[in-house]
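Asker: Got a structure here, written out as structure tokens. Questions coming.
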Amino acid sequence: MKYLIIKKIDEEVKRLILDDDVTKKTGIYPYILTRKEKYLSIRAFTDAQKLATYERQGGICADCGQHFELSQMEADHITPWHDGGRTITDNCQMLCRECNRRKSGK
Ligand SMILES: [Zn+2]
């Protein structure tokens, strides 16, 4: 039984090491112990990805439907990283600060 748990952790460590969106590999063990994604520093969207998404949405917040300037908006993963969502333009949506804060529960 203990062996199986160790094997499972081992597999997860390998998977996280190979995950390009995990930018802080030293955070893998703290993450496994706590399940707090902040330890992994999941890759953020680049300015180019943000701009492309902003233009695709026509400056409209994906949640409240109001128009904002790019500087007033933040990028959000449509499918969260822990559900398999990647940090790619197809998985990016721009939200106004208020909606993003509400969504992330900060
Ligand atoms: Zn909004």
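The values are calculated or read from the model by the stated rules, or taken from the named source; none is laboratory data. In this text, all values refer to a predicted model and were calculated from it rather than measured experimentally. FYI the Cβ positions are ideal-geometry reconstructions off the backbone, even for glycines, and counts take in every protein chain you see.
Asker: Condition check: loosely packed, with under 10 Cβ neighbours inside 10 Å, out of contact with any Asp or Glu (no Cβ under 7 Å at 6 or more places or on another chain) and in a helix (DSSP H, G or I). Does ILE5 satisfy that?
Answerer: On the way: loosely packed, with under 10 Cβ neighbours inside 10 Å: yes; out of contact with any Asp or Glu (no Cβ under 7 Å at 6 or more places or on another chain): yes; in a helix (DSSP H, G or I): yes.
Yes; evaluated as a whole, the condition is true for this residue.
Asker: Hey, any hits in segment 56-73 for a residue that's modelled with pLDDT under 95 and loosely packed, with under 13 Cβ neighbours inside 10 Å?
Answerer: Pass one, segment 56-73, residues modelled with pLDDT under 95: none.
Checked segment 56-73: no residue is modelled with pLDDT under 95 and loosely packed, with under 13 Cβ neighbours inside 10 Å.
Asker: Determine which member of the set GLN66, GLN93, GLN72 is touching a Lys or Arg at 6+ places or on another chain (Cβ under 7 Å) and within 11 Å of the ligand (Cβ to nearest atom). Before the answer, list the steps.
Answerer: Working: GLN66 fails: touching a Lys or Arg at 6+ places or on another chain (Cβ under 7 Å); GLN93 fails: touching a Lys or Arg at 6+ places or on another chain (Cβ under 7 Å).
The match here is GLN72.
Asker: Which of the residues that make up segment 40-82 are assigned to a helix (DSSP H, G or I) and in contact (Cβ under 8 Å) with a residue 12 or more places away in the chain? Step through it out loud before you land on a result.
Answerer: Within segment 40-82, the first condition is being assigned to a helix (DSSP H, G or I), and the residues that meet it are 40, 47-56, 70-72, 81-82.
Listed by number, the residues that qualify are LEU40, GLN49, LYS50, LEU51, ALA52, THR53, TYR54, LEU70, GLN72, TRP81, HIS82.
Asker: Cβ-Cβ below 6 Å, separation at least six or inter-chain, first residue in segment 83-106 and in the same structural domain as GLN66 (by TED's automatic domain parsing) and farther than 21 Å from LEU18 by Cβ, second of a type in the set (Ser, Thr, Tyr) and surrounded by 12 or more Cβ atoms within 10 Å (Cβ to Cβ): which pairs?
Answerer: CYS92/THR53; MET94/THR53; MET94/TYR54
Asker: Would you mind stating whether GLY27 is more than 16 Å from the ligand (Cβ to nearest atom), buried (at least 16 other Cβ atoms within 10 Å of the Cβ) and in a loop (DSSP other than H, G, I, E, B)? Walk me through it before giving the result.
Answerer: Details: more than 16 Å from the ligand (Cβ to nearest atom): yes; buried (at least 16 other Cβ atoms within 10 Å of the Cβ): yes; in a loop (DSSP other than H, G, I, E, B): no.
Criteria not met by GLY27.
Asker: Let me ask you something else. Against the definition (more than 19 Å from ILE9 (Cα to Cα) and of a type in the set (D, E, K, R)), how does ARG35 come out, yes or no?
Answerer: Values: more than 19 Å from ILE9 (Cα to Cα): no; of a type in the set (D, E, K, R): yes.
No, not satisfied.
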